[in-house]
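Take a look at the structure set out below.
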Amino acid sequence: MAPMKLYGATLSWNVTRCVVALEEAGAEYEIVPINFGTGEHKSPEHLARNPFGQVPALQDGDLYLWESRAICKYVSRKNKPELLKQGDLKELTMVDVWMEVEANQYTSAMDPILFECLIRPMLGGTTDQKAVEGNLEKLKKVLEVYEARLTKCKYLAGDFISLADLNHVSVTLCLFATPHASVLDAYPHVKAWWAGLMARPSVQKVAALMKPSA
Ligand code: GS8
């Protein structure tokens, strides 16, 4: 079967979230860059892949998917279902809980920080420091909950790695490209969890991909 195609630039943490899942699942895939500069994401070809005109989009045969977390789940279900713990109601529900936490707590605080520090200057604008400070405070409150959780178990959903952990990777890698990575220093269990994730070959590969020189 032809490799899956992931559409979007690896500058986007929504795209690299999917790359982590593809790598971790050992899936065959290729990345097809989409040029925002020329408005390719709003072209009829791309709207057929993602009707919202956004990246990422995934093509697997005649199946087209969008929404990064749905793509990550699809890839895991297809190639490495143990990342979702589908066989155990309690475990799979904890995976669901922490996937929601990633999207609605962690990344919702992280998104404006990354946008202001990494994307706004690329667009010729100036970082809104007030927005960054406000969201760093939000993030610290979220990290307190993570610290307490990771004091009790090795990974977020339990003592097993899951997609819930892996979905955090792309934004956390981006945090290290901002001046604010030291926000993690006050949370030793979070730092140990992150070090464990960083040691994974899938994460190393994505980290290398995200370096502009790669
Ligand atoms: C968000 C996709 C998104 O915002 C997901 O896939 O998780 N909830 C979706 N994509 C941005 C790129 S930044 O990562 C995008 O395509 N923006 C262009 C636009 O909205 O026109």
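The values are calculated or read from the model by the stated rules, or taken from the named source; none is laboratory data. Since the model is a prediction, treat every value here as computed from it, not as a measurement. Glycine gets a Cβ as well: all are built from the backbone with ideal geometry, and neighbour counts include every protein chain shown. Only protein heavy atoms, including side chains, enter the accessible area calculation; ligands, DNA and RNA are left aside. Shrake-Rupley method; radii C 1.70, N 1.55, O 1.52, S 1.80 Å.
Summarised as an ellipsoid, region 89-210 has semi-axes of 25, 16, 13 Å, derived from the eigenvalues of the Cα gyration tensor scaled by 5 and square-rooted, with the largest first.
Pairs exceeding 19 Å between alpha-carbon atoms, taken from LYS85/LYS154; LYS90/LYS154; LYS73/LYS140; LYS80/LYS152: LYS73/LYS140; LYS80/LYS152.
With a simple spin-label model that places each label point 7 Å from the Cα along the Cα-to-Cβ direction, the separation between ALA192 and GLN204 comes to 2.3 nm.
Taking the Cα centre of region 55-214 as origin and charging only Cβ (+1 Lys, Arg; -1 Asp, Glu), how large is the dipole, in debye to the nearest 20? Let's see the in-between values first.
Numbers: 19 positive and 19 negative charges, 66 e Å.
About 320 debye.
For the chain, with all protein chains in place and a probe radius of 1.4 Å, 57% of the accessible heavy-atom surface sits on carbon or sulfur.
Here the peptides 60-66, 87-93, 131-137 are ranked by packing, the mean other Cβ count within 10 Å, and the order with the highest first is 131-137, 60-66, 87-93.
Measuring how big the chain is from its alpha-carbon positions, Rg and Dmax come out at 17.1, 50 Å. The mean of 1/r over all distinct Cα pairs in region 88-142, once inverted, gives the Kirkwood hydrodynamic radius of 12.4 Å. Phi angles across region 190-199 convert, under the Karplus curve 6.51 cos²θ - 1.76 cosθ + 1.60 with θ = phi - 60°, into 3J(HN,Hα) values of 5, 5, 5, 4, 5, 4, x, 5, 4, 6 Hz, Gly and Pro given as x. With R₀ set to 30 Å, the beta-carbon distance separating CYS153 from GLU28 gives a calculated FRET efficiency near 0.40. Using the alpha carbons alone, the radius of gyration of region 4-80 stands to its Kirkwood radius in an Rg to Rh ratio of 0.95.
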